[in-house]
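S.K.: Before I ask anything, here is the structure I am working with.
Values in this text are rule-based calculations from the coordinates and carry no lab data. Since we're looking at a predicted model, the values are computed, not measured.
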């Protein structure tokens with residue numbers, strides 16, 4: 001692991017380790033559905049640059065945002081320090097694996113240059129308040145939009161995401177479900193890293209429809225292994241043209 005890569009919350013230390021089967025599935029989900037134009041990673045935490053490695057070659061502009069000002073400050077520090085050596089030290093194993101997915105992916109120096117070219121200044125965004133009007137072609141929500149207090153807030157966050165997409169734009173996300181709200185989950189909820197809502201596939205599909213989305217896709221993945229948070233829902237949903 002790289003001691004020089006800025007991280008302030010231990011929850012995000014996973015980005016410095018080789019990609020697990022679940023994280024590989026996440027990267028493949030992003031690579032399949034994030035294409036071109038302006039992209040918002042909503043609720044990026046401190047891992048937005050890490051996930052961007054999977055899709056930055058296919059987009060024009062990337063906006064990283066989170067409701068937590070500390071996470072946004074950390075992302076800014078990461079960007080300020082961004083160079084090929086830092087990327088290689090922090091994400092060498094991940095970059096090597098990504099290189100096996102497709103020929104022609106940029107080498108580390110090109111990744112650093114591409115990230116810097118694509119990045120807009122990171123900002124604080126509260127998804128429970130309107131934050132943009134038809135500004136993005138893709139909004140990414142990795143274990144993010146469900147980190148709210150109740151079903152009403154969840155629907156509000158989805159509706160604000162819908163409003164921020166251009167017609168034909170796509171919400172690309174995943175949701176790591178928990179079997180029981182145990183002590184670890186409760187601690188994550190208290191820190192804003194998990195939500196009181198924990199929708200299954202049918203409930204998520206319904207919420208997306210109510211928010212106005214169509215062309216919804218849904219897939220379940222169990223590669224996170226056994227334990228309380230063992231099921232990941234991968235989804236996409238489109239704002240109609």
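S.K.: I need the per residue convex hull volume for the chain, using only the alpha carbons, in cubic angstrom as a whole number. Each step should come with its number before you reach the end.
M.R.: On the way: hull volume 27.3 nm³, N = 241.
Expressed per residue, the convex hull around the Cα atoms of the chain is 113 Å³.
S.K.: For region 79-207, which semi-axes, largest first and in whole Å, follow from the square roots of 5 times the eigenvalues of its Cα gyration tensor? Display every interim value, and only then the final one.
M.R.: Numbers: eigenvalues 189, 81, 46 Å².
Over the Cα atoms of region 79-207, the ellipsoid semi-axes are 31, 20, 15 Å.
S.K.: Another question about this same structure. Identify which of 71, 213, 12 has the largest mean-square fluctuation in a Gaussian network model of the chain, with springs joining Cα atoms closer than 10 Å.
M.R.: Among 71, 213, 12, the largest mean-square fluctuation in the Gaussian network model of the chain belongs to 12.
S.K.: If each DSSP helix of 4+ residues adds -39,500 (n - 2.57) and the sum is divided by the residues in the chain, what number results at 222 nm, nearest 500 deg cm²/dmol?
M.R.: Details: 8 runs with 90 residues, N = 241.
Per the formula, -11500 deg cm²/dmol.
S.K.: So what's the Cα pair-distance distribution over region 1-123, bin width 5 Å, in %?
M.R.: All Cα pairs considered, the percentages come to 2, 12, 23, 26, 24, 11, 2, 0.
S.K.: Gap in Å between the Cα centre of region 1-59 and the Cα centre of region 112-189?
M.R.: 14
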